[in-house]
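Just dropping this structure here.
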């Protein structure tokens, strides 16, 4: 089970780092400390959860490793949800989000965030591939290829 836990780390890490970047940008423009924390965690935690889900889908064979189209589509579907959670948290706590009040309605907000999610999905894939090459996934993928792709991840654990 150790390898299975390690396999979920790349997507989770990317999500948290994306949230930390948002927090750093909020700090750069002089936002209050509480706002920085909520903005960073409000985006970072949902993106980390979606990153774990992405890795679980890779592990289950539902997504193929390294393909741009599925990753971009995944970003288009998940990034707007994460941004909506962030906006709702900021609005609930501080009475003002980042952009949702400026949009005419939630649908326009989600469509725009879906467009941004396309870029996030491609960037996520590029960073994910780099992390994967340095992690336990490399050994796991090699093992699966040698076994003909039919082995479950638990077999890789026995070898490690």
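Among 57-64, 84-91, 108-115, what's the highest-first ranking by average C-beta atoms within 10 angstrom per residue?
Numbers: 57-64: 14.2, 84-91: 18.5, 108-115: 15.9.
Descending mean neighbour count gives 84-91, 108-115, 57-64.
Then there is this: How many nm is it between the label spots at residue 93 and residue 131, if each spot is 7 Å from the Cα in line with the beta carbon?
2.2
So if each residue of separation counts as 0.36 nm, and I subtract the Cα-Cα distance between residue 85 and residue 20, what length gain in nm does that give?
Values: separation 65, 0.36 × 65 = 23.40 nm, distance 1.58 nm.
Here the segment from residue 85 to residue 20 would lengthen by 21.8 nm.
What is the spin-label model distance, in nm, from residue 146 to residue 108 if the labels are put 7 Å beyond Cα along the C-beta direction?
About 5.7 nm separates the two model spin labels.
Label residue 29 and residue 139 with points 7 Å out from Cα along Cα→Cβ: what is the distance between them in nm?
Each label point lies 7 Å from its Cα, and together they span 4.4 nm.
We did not get these values from a lab; they are worked out from the coordinates using the rules stated. The structure displayed is predicted, hence computed values, not measured ones. Methodologically, a virtual Cβ is constructed for each residue, glycine included, from the backbone with ideal geometry; neighbour enumeration extends over all protein chains shown.
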